[in-house]
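Asks: Dropping a structure here in structure tokens format, bear with me for questions.
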Amino acid sequence: IAAYIDLEADITDNLLLAVALRWEDFDVFGTTTNGKIAGHWQIVDCFAIRGSYSTGFRAPTPGQSNAFNVSTEFNLATNELENNGTIPPTSPVAELRGGQALDPEESENYTFGAILQLGDFSVTVDYFNIDLEDRLGISQNFELTDEERDALIEAGVAGADSLATFRFFTNGIETNTEGVDVVATYVLDSGLGVTDFNLAYNRTETTVEDFVPGIIDDVRIKELEEALPESRWNIMANHTMSNWRFMARYSYFDDWYDSEDTLSYDGYG
């Protein structure tokens, strides 16, 4: 069950404040209270600043707590097909490698930004920072020894005979994600029609600040920090002339890492 309240008010003609509070009670994970405070200050007609601070709580989904999925995959190290499974963290197999019941993840977030409006030109710049504790994610891949597999089969553990490697969901990671978003627009009105120019830029960097050795390996850390491009941007122009509309767009994203083949790839536009 949950209760939520959100209040927003113009404190002055130029200052808007918002406050939100959420209380939740889970029969498995207990009670949590989280909140948010945000503000928007219109300093002058053409310039304003805004910011927010909030806390967050995310309970594990039933799928994360109870997932059992075995698929046949190609092992690059052995050049052979093998069964790789995502199993419940509380299963006897996962418990052999430190698996345990999942806890909720908690977050702390803050943002700060500015807005500039000069006639037909506008730009917004926003910085964000997110700290995640007990982050929910997939563990590294594990292998069963022949002795462990035989013992599990003898104990009647379902599926133990079909697993070559396995992984499970865990809370073994703490991360910090920070970045900046920039959005700029300009409207050009001429005798040839109206042209809308749009530029969007994002830079996001995630750092693993702490992890559980033996459950999270270097590959998983690199995946969290480098699997997504740190920088992305696109520029677009829409031109309207009478009953015709023309569009041109160019997009670019930075380098990224692919954990499937353990290779890093250059950016692409």
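The values are calculated or read from the model by the stated rules, or taken from the named source; none is laboratory data. Treat the numbers as computed from the prediction; the structure is a model and nothing was measured. Every residue, glycine as well, gets a Cβ built from its backbone with ideal geometry; the counts of neighbours run over all protein chains shown. In case anyone asks, the SASA skips ligands and DNA or RNA and just uses the protein heavy atoms, side chains included. Shrake-Rupley method; radii C 1.70, N 1.55, O 1.52, S 1.80 Å.
Asks: Residues of region 232-269 being among the small types (Gly, Ala, Ser) and open to solvent by less than 50 Å² (accessible area, probe 1.4 Å), which ones? First the steps, then the outcome.
Replies: Filtering region 232-269 down to residues among the small types (Gly, Ala, Ser) leaves 237, 242, 248, 251, 259, 264, 267, 269.
Correct list: 237, 259, 267, 269.
Asks: Suppose we keep only residues that are under 18 Å from residue 186 (Cα atoms) and more than 29 Å from the chain's Cα centre (by Cα) within region 238-269. Which one would you say is modelled with the lowest pLDDT?
Replies: Filtering region 238-269 for residues that are under 18 Å from residue 186 (Cα atoms) and more than 29 Å from the chain's Cα centre (by Cα), the one modelled with the lowest pLDDT comes out as 241.
Asks: Among 133, 105, which is the only one that is within 18 Å of residue 65 (Cα to Cα), surrounded by fewer than 17 Cβ atoms within 10 Å (Cβ to Cβ) and among the charged types (D, E, K, R)? Spell out the reasoning first.
Replies: On the way: 105 fails: surrounded by fewer than 17 Cβ atoms within 10 Å (Cβ to Cβ).
Being within 18 Å of residue 65 (Cα to Cα), surrounded by fewer than 17 Cβ atoms within 10 Å (Cβ to Cβ) and among the charged types (D, E, K, R) holds for just one of 133, 105, which is 133.
Asks: I would also like to ask the following. For residue 139, are the conditions met, namely being within 30 Å of residue 161 (Cα to Cα), open to solvent by less than 70 Å² (accessible area, probe 1.4 Å) and hydroxyl-bearing (Ser, Thr, Tyr)?
Replies: Answer is yes for this residue.
Asks: Okay, moving on. Please specify each residue of region 1-39 satisfying the condition of being of a type in the set (S, T, N, Q) and open to solvent by 80 Å² or more (accessible area, probe 1.4 Å).
Replies: Taking region 1-39 as the starting set, the residues that turn out to be of a type in the set (S, T, N, Q) are 12, 14, 31-34.
Hits for region 1-39 are 31, 33.
Asks: Taking region 48-94, which residues are open to solvent by 70 Å² or more (accessible area, probe 1.4 Å) and closer than 30 Å to residue 15 by Cβ?
Replies: Within region 48-94, 50, 53 qualify.
Asks: Quick one: in region 151-203, which of the residues that are free of Cβ contacts under 8 Å to residues at least 40 places away in the same chain and hydroxyl-bearing (Ser, Thr, Tyr) is most open to solvent (accessible area, probe 1.4 Å)?
Replies: 201
Asks: Assess whether residue 223 counts as being open to solvent by 60 Å² or more (accessible area, probe 1.4 Å) and of a type outside the set (Lys, Arg). Can you show your working first?
Replies: On the way: open to solvent by 60 Å² or more (accessible area, probe 1.4 Å): no; of a type outside the set (Lys, Arg): yes.
Judged against the criteria, residue 223 is not a match.
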